[in-house]
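First comes the structure, then the notes that go with it.
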Amino acid sequence: MIQNTTTVAVSRYLCGILLMVSTVIPVQANDIEKVLFLVVEKDEIVASNTLAGRFDRLNLHAKERVRDYKVSNAVAVVVTNQRLVGYGVLAGGWQGTRLEAREKVQQIEVQDYSATVVTNDRILNFYGRSGAWSHTRRRVQLR
């Protein structure tokens, strides 16, 4: 009986500690659910934003062609021969920035709400929560 009472008391104590810890330390979900899909056509790209229940069209300019694109759970980047265009599900809508003369895209990475594009001249970031582009110049690479 004493052992049983002690076991119950210890169990209650540990449950109380666990409850306090779980309310103090928030649970963080590292996974962003898949809420963005792209439909790529010859002359336009449609972003299917299931979070907002909307479709946003990216109309291509005259002589503009898609060279590459990447899409993650909540952000997408499209590379054309004229510009870089980002889409974030929270910002909604397409946000573009022009490519500079003779600038070539070397790498694109997208994950969650963020994207990074590396060109021969710049490193560009797109933040899908705000829809903002930022960039910095690359240093001259001597080999």
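All of the numbers you see were taken from the coordinates with simple rules; none came from a lab. Owing to the predicted nature of the structure, the values given are computational and were not obtained by experimental measurement. Note that each Cβ is placed from the backbone with ideal geometry, even for glycine, and that neighbours are counted across all protein chains shown.
Computed values, structure above
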quantity	calculated
Extended-chain gain in nm, criterion 0.36 nm per residue less alpha-carbon gap, Arg65 and Arg83	5.5 nm
In Hz, Karplus ³J(HN,Hα) per residue of region 80-92 (6.51, -1.76, 1.60; θ = phi - 60°; x = Gly, Pro)	10, 6, 10, 7, 10, 10, x, 9, x, 5, 7, 6, x
Exposure proxy order (Cβ contacts within 10 Å, fewest to most) of Lys104, Lys34, Lys70	Lys104, Lys34, Lys70
Protection proxy ranking, peptides 56-68, 88-100, average beta carbon neighbours within 10 Å, highest first	88-100, 56-68
Sorted by Cβ density within 10 Å, fewest first, the residues Thr136, Thr119	Thr136, Thr119
Cα-based shape type of region 36-137, given that a ≥ b ≥ c are square roots of the gyration tensor eigenvalues and the cut on a/c is 1.5	oblate
Partner lysines for Lys104 [C-alpha distance under 21 Å; skip if fewer than 8 residues away on the same chain]	Lys63, Lys70
Residue-by-residue Karplus 3J(HN,Hα) for region 54-70, coefficients 6.51, -1.76, 1.60, Hz, glycine and proline x	9, 10, 10, 8, 9, 7, 7, 6, 4, 6, 8, 10, 6, 9, 6, 7, 9
